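The values are calculated or read from the model by the stated rules, or taken from the named source; none is laboratory data. None of these values were measured; they are calculated from a predicted model. Here the Cβ positions follow ideal geometry from the backbone for every residue, glycine too, while neighbour counts run over all protein chains shown. Ligands, DNA and RNA are excluded from the accessible area calculation, which covers all protein heavy atoms including side chains. Shrake-Rupley method; radii C 1.70, N 1.55, O 1.52, S 1.80 Å.
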Amino acid sequence: MMRLLKRWSLAAVLACICVLGTSCGNSDGGQTYAWPLATCSSGDTVTNVFAQTFADYVSELSDGEMRIQVYTDSTLGTDTELMETCEDGDIPFVVQSPSPQVSYMPELCVFDTPCVFSTVEEVRANLDNEELMDSIKEIYTASGYRLLGMTDQGFRVMTMNKEYTSLDSLAGQKIRVMENKFHIQFWKCVSANPTPMTFSEVYIGLQQGTIDAQENALPLIVSAKLYEQQKYLIETNAVPDYITLIASDKFMSGLTEEQQEIINTAAEMAQQDAYVISDEKGEESMEYLADAGIEIITPSEEDYAEMKELSQPVWESIEEQCGSELFAAYTAIAEE
């Protein structure tokens, strides 16, 4: 019943969008298009800026004839619901983390491989690697989607109240993680006690002591005020915090070649802009946290090397699920 009600709600929203699209036109009588783009993120996040920048470029490149309305804060559904409605073509565009997409495309677990990259520049070199990304795009297309662009908001970092001196400091720490078996496996490998929890429960979980620690991208730690319940930030940098811009293959196939070209170009431009925005927000967040009294700790090179060694069972599990060829292509930069 709830799923049906949500469908009716979505239908009402789409009906309003259709009215907007058919009532707007150019001075020469040309048709103006308006399509929904949905995300579950809120506030001034890289996710939302990526989405809005893409929408702005689509409008600009089409001289206002193609327009995209961005819906944030889970207005049109949860991450899982957005995947379903995007495949159907009801919501043409979605911006979200690849983590909830693994249920639909198991090979995407490759993005959960820990301790692959040393710098954000290496992360983006992979995202700009056409051969690798062509393989990733084929996975999306085979499942009814199109991957238009992919960016990051830096690495996921850890906060906790126990002072960090070495990897031994992580032993037994109840750290909140997403419902992701590979994230859980990684934190177990470094002797922590991973606890799956929805993001909306993290703040109160830290406040009440249900969890000792959490990991997220820097901008989210600031926007959700998680730092208010923590003393230390440890730059564990185990995995990048990726953001994908996907479209319904069914929807895209119904567009003209010119319209598809505009959308693809807008996505490429938005992706490059998002890199800059991500860096800016990362620096701002780090300064903000330092000013708020959070002690920022960077583990030693020896700690990073040990973390990578301990995470090898996770590499094996991910390679088994995503396939050796894709895994080798994704981790090649680490081997170099």
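I want to confirm something. Restricting to segment 98-108 and keeping residues that are free of Cβ contacts under 8 Å to residues at least 60 places away in the same chain and outside any helix (DSSP H, G or I), which single residue is surrounded by the most Cβ atoms within 10 Å (Cβ to Cβ)?
Met105
Quick one: which of Thr119, Thr141 is under 29 Å from Gly254 (Cβ atoms), among the β-branched types (Val, Ile, Thr) and open to solvent by 20 Å² or more (accessible area, probe 1.4 Å)?
Thr141
May I ask you to list pairs of residues, at least six apart or on different chains, whose Cβ atoms are under 6 Å apart, with the first in segment 125-147 being of a type in the set (Lys, Arg) and the second being in a helix (DSSP H, G or I) and open to solvent by 20 Å² or more (accessible area, probe 1.4 Å)?
That search, which allows pairs on different chains as well, returns Arg146/Asp249.
Could you please find all residues in segment 221-244 being open to solvent by 10 Å² or more (accessible area, probe 1.4 Å), small (Gly, Ala, Ser) and in a loop (DSSP other than H, G, I, E, B)?
Across segment 221-244, the qualifying residue is only Ala224.
Of all residues in segment 78-97, which are more than 17 Å from Val49 (Cα to Cα), within 16 Å of the chain's Cα centre (by Cα) and open to solvent by less than 10 Å² (accessible area, probe 1.4 Å)?
Selection gives Leu82, Met83.
Could you run through segment 46-77 and say how many residues are in a helix (DSSP H, G or I), within 21 Å of Gln259 (Cβ to Cβ) and open to solvent by 20 Å² or more (accessible area, probe 1.4 Å)?
7
Only residues that are surrounded by 14 or more Cβ atoms within 10 Å (Cβ to Cβ) and acidic (Asp, Glu): list them for segment 269-297, please.
Asp273, Asp279
Can we say Phe327 is more than 16 Å from Asp112 (Cβ to Cβ) and crowded, with 17+ Cβ neighbours inside 10 Å?
Values: more than 16 Å from Asp112 (Cβ to Cβ): no; crowded, with 17+ Cβ neighbours inside 10 Å: yes.
Taking the combined requirement at face value, the residue does not satisfy it.
I'd like to check something: does segment 245-263 contain any residue that is more than 20 Å from Val123 (Cβ to Cβ), touching a Pro at 6+ places or on another chain (Cβ under 7 Å) and assigned to a strand (DSSP E or B)?
Yes.
For segment 255-293, which residues satisfy the criterion of being over 15 Å from Tyr227 (Cα atoms) and without any contact (Cβ under 8 Å) to a residue 12 or more places away in the chain?
Result: Leu255, Thr256, Glu257, Glu258, Gln260, Glu261, Gln272, Val276, Glu280, Glu283.
Taking the residues in segment 298-310 that are among the hydroxyl-bearing types (Ser, Thr, Tyr) and not in a helix (DSSP H, G or I) as candidates, determine which candidate is surrounded by the most Cβ atoms within 10 Å (Cβ to Cβ). Break it down stepwise before answering.
If we filter segment 298-310 for residues that are among the hydroxyl-bearing types (Ser, Thr, Tyr), which is where we start, we get 298, 300, 304.
Okay, now just the ones that are also not in a helix (DSSP H, G or I), so 298, 300.
Values: Thr298: 13, Ser300: 10.
By that ranking, first place goes to Thr298.
Count, please, the residues in segment 144-154 that happen to be open to solvent by 10 Å² or more (accessible area, probe 1.4 Å) and either closer than 19 Å to Gln321 by Cβ or not charged (D, E, K, R) (or both).
Count: 5.
Just to be sure I understand, how many residues within segment 156-189 are touching a residue at least 40 places away in the same chain (Cβ under 8 Å), among the hydrophobic types (A, V, I, L, M, F, W, C) and closer than 19 Å to Gln101 by Cα?
Summing the residues that are touching a residue at least 40 places away in the same chain (Cβ under 8 Å), among the hydrophobic types (A, V, I, L, M, F, W, C) and closer than 19 Å to Gln101 by Cα in segment 156-189 gives 2.
Enumerate the pairs (first residue in segment 294-306 and in contact (Cβ under 8 Å) with a residue 12 or more places away in the chain and closer than 15 Å to Leu170 by Cβ; second residue anywhere and assigned to a helix (DSSP H, G or I) and of a type outside the set (Asp, Glu)) with beta-carbon separation below 7 Å, excluding pairs fewer than 6 apart on the same chain, so at least 6 apart or on different chains.
Asp303/Leu167; Glu306/Leu167
Could you look through segment 155-211, keep only residues that are crowded, with 20+ Cβ neighbours inside 10 Å and of a type in the set (Lys, Arg), and pick out the one that is farthest from Tyr242 (Cα to Cα)?
Filtering first and then ranking leaves Arg176.
Where residues in segment 311-320 are open to solvent by less than 60 Å² (accessible area, probe 1.4 Å) and part of a helix (DSSP H, G or I), which of them is farthest from Val110 (Cα to Cα)?
Among those that are open to solvent by less than 60 Å² (accessible area, probe 1.4 Å) and part of a helix (DSSP H, G or I), it is Pro313.
In segment 257-268, is there at least one residue being touching a strand residue (DSSP E or B) at 6+ places or on another chain (Cβ under 6 Å) and within 26 Å of Phe111 (Cβ to Cβ)?
Yes, segment 257-268 contains a residue that is touching a strand residue (DSSP E or B) at 6+ places or on another chain (Cβ under 6 Å) and within 26 Å of Phe111 (Cβ to Cβ).
Quick check, is Asp279 within 25 Å of Lys188 (Cα to Cα), part of a helix (DSSP H, G or I) and of a type in the set (Asp, Glu)?
no
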